[in-house]
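Worksheet for the structure shown next.
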Amino acid sequence: MKKLSCGLVLALVMTIGAVSPVQAAFVWSTPEWNIPFFGTMKAPEGFSPVEVKEFSKLIEQEKKKLNEPKKSATKPQLPTKPDLAPEGAPTLLKDALPKDEEAAMRRFAQSDIAFYHLTMNDGEAIHMAWLLAARDGEKLPPNIDFFTKDLDASQTEKLAEFKTWVDANIEKAQYTDPKNKVSIKLLEMLALQPLTMQNGDKAWTAGARMMVTVDGLPFAFFGRVYAISVDNRLALAILGGFDGERPFWDPVVRDMLLSLQTKPADK
């Protein structure tokens with residue numbers, strides 16, 4: 001699973017750098033943005049989302065590999081680690097993550113993932129960002145009901161525990177791939193916040209600022225994660241872009257997602 005996650009991180013970085021004007025062809029002022037496995041959002045004037053098909057092909061290839069028969073191992077297999085949550089992680093994170101690598105792979109194979117190149121003309125400048133949309137392949141556990149109800153005292157305590165754990169482990173959230181000369185250093189965690197969607201459900205968001213170095217060249221990026229429930233499945237919208245674009249894109253994408261009319265799962 002770790003190998004797969006690292007591969008997806010590299011694919012995202014390389015895809016962002018490789019999006020050409022032909023791939024990013026668009027029509028200005030799309031009135032609505034439809035993500036098939038999410039639903040439909042109202043879009044502001046001048047906004048245009050374009051799905052990056054190359055990334056979708058990569059995801060399908062990875063899913064296909066998971067379904068291929070595995071060759072007989074010549075060496076005995078090591079036992080699967082029983083818990084994917086990092087050591088010392090709060091119960092909230094443990095409840096949300098798959099229990100082992102096999103379960104994680106199965107959920108990945110059942111999930112829906114799409115990657116979008118975003119542009120917007122505000123009349124003074126053309127802004128650019130990217131968004132990864134993903135919907136889990138399995139239903140949320142019964143005890144995860146943060147999206148439909150107000151938090152009780154126990155859940156508030158769990159979220160506070162989770163934020164404390166993240167802050168305490170922020171220095172561990174670094175990634176380096178010497179072979180491909182890519183490194184990611186987390187600079188700042190942005191606050192975890194609850195939001196109310198137009199349909200009455202809750203959305204949760206948190207963000208980060210980071211420095212990504214590719215072949216010795218530094219790039220300052222930001223990332224913001226929005227977590228919502230679509231047909232009782234965890235759905236994530238991960239917005240990313242250059243750090244200087246964060247003040248522009250944060251409210252634009254937030255308002256679109258809060259207007260989302262969710263679509264029930266078709267599988």
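Quick one: would you say THR74 is assigned to a strand (DSSP E or B) and either modelled with pLDDT under 60 or not aliphatic (A, V, I, L, M) (or both)? Spelling it out, it is not the case that THR74 is assigned to a strand (DSSP E or B) and either modelled with pLDDT under 60 or not aliphatic (A, V, I, L, M) (or both).
Let's see how each residue does on (1) more than 19 Å from ASP122 (Cβ to Cβ); (2) of a type outside the set (D, E, K, R); (3) surrounded by fewer than 20 Cβ atoms within 10 Å (Cβ to Cβ); (4) out of contact with any Cys (no Cβ under 8 Å at 6 or more places or on another chain):
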| residue | (1), (2), (3), (4) |
| --- | --- |
| TYR226 | yes, yes, no, yes |
| SER229 | yes, yes, no, yes |
| LEU239 | no, yes, no, yes |
| PRO247 | no, yes, yes, yes |
| SER259 | no, yes, yes, yes |
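The strands (runs of 3 or more DSSP E) located wholly in the stretch 159-267 that include 2 or more residues which are free of Cβ contacts under 8 Å to residues at least 60 places away in the same chain and touching a strand residue (DSSP E or B) at 6+ places or on another chain (Cβ under 7 Å) occupy 174-177, 182-196, 202-214, 217-230.
Among the residues making up the stretch 130-154, those that are in a strand (DSSP E or B) and among the charged types (D, E, K, R) are ARG135, ASP136, GLU138, LYS139.
When the stretch 186-224 is limited to residues that are over 30 Å from PRO142 (Cβ atoms) and among the acidic types (Asp, Glu), the one that is surrounded by the fewest Cβ atoms within 10 Å (Cβ to Cβ) turns out to be ASP215. Flag: LEU195 matches the condition of being in contact with a helix residue (DSSP H, G or I) (Cβ under 8 Å, 6 or more places away or on another chain) and closer than 22 Å to ALA134 by Cβ. Considering LEU159, LEU195, LEU190, the condition of being among the hydrophobic types (A, V, I, L, M, F, W, C), within 30 Å of GLU124 (Cβ to Cβ) and out of contact with any Gly (no Cβ under 6 Å at 6 or more places or on another chain) is satisfied by LEU195 alone.
Please enumerate the residues belonging to the stretch 28-60 that are part of a strand (DSSP E or B) and buried (at least 18 other Cβ atoms within 10 Å of the Cβ). Across the stretch 28-60, the qualifying residues are TRP33, ILE35, GLY39, MET41, PHE47, SER48, PRO49. Output the qualifying pairs, or none if there are none: Cβ atoms under 8 angstrom, residues six or more apart or on different chains, first residue in the stretch 141-154 and touching a residue at least 12 places away in the same chain (Cβ under 8 Å), second residue of a type in the set (Asp, Glu) and assigned to a loop (DSSP other than H, G, I, E, B). Listed by first residue and then by second, the contacts come to PHE147/ASP201; THR148/ASP201.
The values are calculated or read from the model by the stated rules, or taken from the named source; none is laboratory data. Since the structure is predicted, the reported quantities are computational estimates derived from the model, not experimental observations. No Cβ is skipped: glycine too gets one built from the backbone with ideal geometry, and neighbour counts run over all protein chains shown.
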